[in-house]
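The values are calculated or read from the model by the stated rules, or taken from the named source; none is laboratory data. What you are looking at is a predicted structure, and each value in this text was computed from that prediction instead of being measured. Glycine gets a Cβ as well: all are built from the backbone with ideal geometry, and neighbour counts include every protein chain shown.
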Amino acid sequence: MKALTDDQRARRQRGILTAATRVLAAGGPDSLTMDRVAREAGMAKGTLFLYYANKEELVLAIMESWVDELAARFDAILHAAEAPEARLRSLVLALLSNFDRRRDLTGYSIGLPVSQAARAGLRERFEGNMRRIAAVLEGCAAGGLLELDDPMFAASSLFGLCRGSTSYARAAGRHLPVQERTARVMKIFLNGTRRLKQ
């Protein structure tokens with residue numbers, strides 16, 4: 001049998017993570033078994049084990065892929081040549097879109113079987129994303145859109161506002177378009193941080 005190229009192997013890994021995410025979204029943490037993921041990915045269980053030695057490795061890879069996907073979006077926003085308000089809009093839209101895509105999964109991270117050491121690594125990645133959000137906000141402050149005393153606190157507040165508004169909309173059965181939710185979150189966030197006219 002011919003060996004897979006690096007590109008083919010990477011595509012197969014992405015396919016496994018996509019299949020695992022579908023299994024998780026459909027049935028929660030208890031449904032995530034190597035057997036089910038292999039079936040969903042259309043491969044033998046033995047093939048799955050060539051990529052992930054156990055469920056913890058698979059879960060860790062799923063969560064890392066989510067965090068890394070967001071990191072790439074934040075980096076693109078950080079380096080985009082946009083006006084401060086457009087940059088903030090892109091950031092809020094990225095956060096809300098992420099929560100929309102992961103809406104059935106955002107509460108599962110506590111119930112997933114990941115060791116404390118693995119959680120520490122995920123926490124570092126998550127903190128890296130919070131630093132990226134803070135850097136975008138610092139750019140907005142440098143452009144005169146807002147004032148920041150503590151960029152990391154502001155980043156955490158914006159993240160929480162986006163996540164909370166998504167949870168509220170889901171619980172209340174409100175299906176507002178993401179662009180409208182983006183405008184509402186920006187209005188709430190900026191009302192507390194917009195530079196006063198002198």
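General observations
- Of all positions in the stretch 89-109, at least one carries a residue that is over 16 Å from the mean Cα position of the chain (by Cα), modelled with pLDDT of 95 or more and not assigned by TED's automatic domain parsing to the domain that holds D6.
- Residue in the stretch 43-54 that is in a loop (DSSP other than H, G, I, E, B), modelled with pLDDT of 85 or more and more than 24 Å from A120 (Cα to Cα) present: yes
- Residue in the stretch 2-22 that is acidic (D, E) and under 19 Å from A53 (Cβ atoms) present: no
- Selection status of L78, touching a residue at least 24 places away in the same chain (Cβ under 8 Å) and not assigned by TED's automatic domain parsing to the domain that holds G139: no
- Annotation for the stretch 140-162: no member residue is out of contact with any His (no Cβ under 7 Å at 6 or more places or on another chain), closer than 28 Å to V37 by Cβ and modelled with pLDDT of 85 or more.
- Complete set of residues in the stretch 34-46 that are loosely packed, with under 14 Cβ neighbours inside 10 Å and either more than 16 Å from E57 (Cβ to Cβ) or hydroxyl-bearing (S, T, Y) (or both): G42, A44
- All conditions in (1) at pLDDT below 95; (2) farther than 21 Å from D68 by Cα hold for E124, with the sole exception of (2).
- Residues satisfying the stated conditions in the stretch 33-61, i.e. over 19 Å from D6 (Cβ atoms) and among the β-branched types (V, I, T): T33, V37, V59
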